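Q: Take this structure, written in structure tokens, and hold onto it; I'll ask about it next.
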Amino acid sequence: MSSALVSSLGSLGPHWLLAGVYFTTSLMTLFISNTATAVLLAPIAMESAVGFGVSPLAFLFAVTFGASLCFASPFSTPPNALVMPAGQYTFMDYIKVGLPLQLILGLMMIFVLPLIYPF
């Protein structure tokens with residue numbers, strides 16, 4: 001999977017590869033727990049960075065933040081599921097508010113992570 005990421009997004013540059021890792025993690029977190037997603041994608045992100053010839057630190061943090069900043073589903077993280085019945089939220093409430101927030105934070109992370117952890 002890491003070679004597929006590098007071959008498809010690597011020609012566009014490390015920022016695009018970082019975006020691919022981040023949004024793949026974010027997308028998977030909608031369907032399975034954030035912990036399982038991080039465990040599955042951390043080795044793939046590391047191998048992708050090493051295969052591209054850049055420092056894997058930003059890519060590992062992209063997995064960490066991509067798995068942690070999932071707000072579009074009540075099932076991705078336990079706190080989202082805990083507040084659902086108390087606030088009488090529906091699944092569409094999470095999509096209406098969480099999806100735009102998740103996209104904004106994702107775009108921000110793609111630009112901020114390389115500044116903190118240079119390639």
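Q: Going by the structure shown, is residue 98 within 17 Å of residue 4 (Cα to Cα) and either modelled with pLDDT under 90 or in a helix (DSSP H, G or I) (or both)?
A: Considered against the rule, which asks whether it is within 17 Å of residue 4 (Cα to Cα) and either modelled with pLDDT under 90 or in a helix (DSSP H, G or I) (or both), residue 98 comes out as no.
Q: Filter the range 45-55 down to residues that are surrounded by fewer than 18 Cβ atoms within 10 Å (Cβ to Cβ) and either over 18 Å from residue 113 (Cβ atoms) or not β-branched (Val, Ile, Thr) (or both), then give me how many there are.
A: 5
Q: Restricting the search to the range 17-33, which residues are among the small types (Gly, Ala, Ser) and assigned to a helix (DSSP H, G or I)? Outline the logic, then answer.
A: To start, the set of residues in the range 17-33 that are among the small types (Gly, Ala, Ser) comprises 19-20, 26, 33.
Listed by number, the residues that qualify are 19, 20, 26.
Q: Of the residues 67, 42, 62, 36, only one is exposed (fewer than 14 other Cβ atoms within 10 Å of the Cβ), among the hydrophobic types (A, V, I, L, M, F, W, C) and assigned to a helix (DSSP H, G or I); which? Walk me through how you get there before you give the answer.
A: Numbers: 67 fails: exposed (fewer than 14 other Cβ atoms within 10 Å of the Cβ); 42 fails: exposed (fewer than 14 other Cβ atoms within 10 Å of the Cβ); 62 fails: exposed (fewer than 14 other Cβ atoms within 10 Å of the Cβ).
Answer to the selection: 36.
Q: Then there is this: Residue check, residue 83 against (1) within 17 Å of residue 28 (Cα to Cα); (2) of a type in the set (Val, Ile, Thr); (3) more than 17 Å from the chain's Cα centre (by Cα), all met but one. Which one?
A: Result: residue 83 fails condition (1) only.
Q: Can I ask one more? Give the residue, chosen from 71, 75, 91, 61, that is closer than 23 Å to residue 9 by Cβ and aromatic (Phe, Trp, Tyr).
A: On the way: 71 fails: closer than 23 Å to residue 9 by Cβ; 75 fails: closer than 23 Å to residue 9 by Cβ; 91 fails: closer than 23 Å to residue 9 by Cβ.
When all the criteria are applied, what remains is 61.
Q: I would also like to ask the following. Among the residues of the range 71-91, are any modelled with pLDDT of 90 or more, in a helix (DSSP H, G or I) and aliphatic (A, V, I, L, M)?
A: No, the range 71-91 contains no residue that is modelled with pLDDT of 90 or more, in a helix (DSSP H, G or I) and aliphatic (A, V, I, L, M).
The values are calculated or read from the model by the stated rules, or taken from the named source; none is laboratory data. Being a predicted model, the structure only gives us computed values, none of them experimental. All Cβ positions, glycine included, derive from the backbone under ideal geometry; neighbour counts span all protein chains shown.
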